[in-house]
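Okay, so here's the structure we're looking at.
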Amino acid sequence: MVIVRAILGALILFFDWVFTPKGVKREADAQNKVNEQTAALALYQYKACPFCVKVRRSMKRQSLDIETRDAKRSDASREELLQGGGKLKVPCLRIEDKGEVRWMYESKEIINYLENRFTANAA
Ligand SMILES: N[C@@H](CCC(=O)N[C@@H](CS)C(=O)NCC(=O)O)C(=O)O
């Protein structure tokens, strides 16, 4: 089972690398504004998790520079996710807004949130 999972993970990463989506191009000012907003976001994820790959590809398509935190390899990130979000499940988007922190689970919900918030800002 471990070997099957490792092979599947490698395949997922390979195809993600081969078919990396192109990022949207914004005017410099617009991209700077988006970068200011994405600085308050962090994605807790595993490298080869298919749901995380889906979210990362969406970020790439929208040229969103969101910090990714590996909840498998980093004990500190795993602990932050457990303490803050309440469960060890990825992907999870940490959203900081005016001092308040929200933890959003579910890849579909995260992708919808990012599209609704940032697609309109694309040039
Ligand atoms: N429906 C969820 C599924 C997420 C999911 O199953 N994530 C797995 C990793 S691929 C997970 O976090 N499992 C718990 C664990 O590995 O501890 C989504 O679309 O985000």
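Values in this text are rule-based calculations from the coordinates and carry no lab data. Model, not experiment: these values are computed from the prediction. Methodologically, a virtual Cβ is constructed for each residue, glycine included, from the backbone with ideal geometry; neighbour enumeration extends over all protein chains shown.
Summary table below
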item	result
Wholly enclosed strands (runs of 3 or more DSSP E) of segment 66-123 bearing at least 3 residues in contact (Cβ under 8 Å) with a residue 60 or more places away in the chain and more than 13 Å from the ligand (Cβ to nearest atom)	none
Any hit, segment 36-55, residues being acidic (Asp, Glu), closer than 25 Å to residue 2 by Cα and out of contact with any Cys (no Cβ under 6 Å at 6 or more places or on another chain)	no
Selection within segment 73-101 - more than 13 Å from residue 41 (Cβ to Cβ) and surrounded by 15 or more Cβ atoms within 10 Å (Cβ to Cβ)	77, 78, 80, 81, 85, 89, 90
Residue list for segment 5-57, filter: away from the ligand (no atom under 15 Å from the Cβ) and closer than 21 Å to residue 101 by Cβ	34, 35, 36, 37, 38, 39, 40, 41, 42
Positions within segment 80-116 being of a type in the set (Lys, Arg) and within 16 Å of the chain's Cα centre (by Cα), in sequence order	89, 94, 102, 108
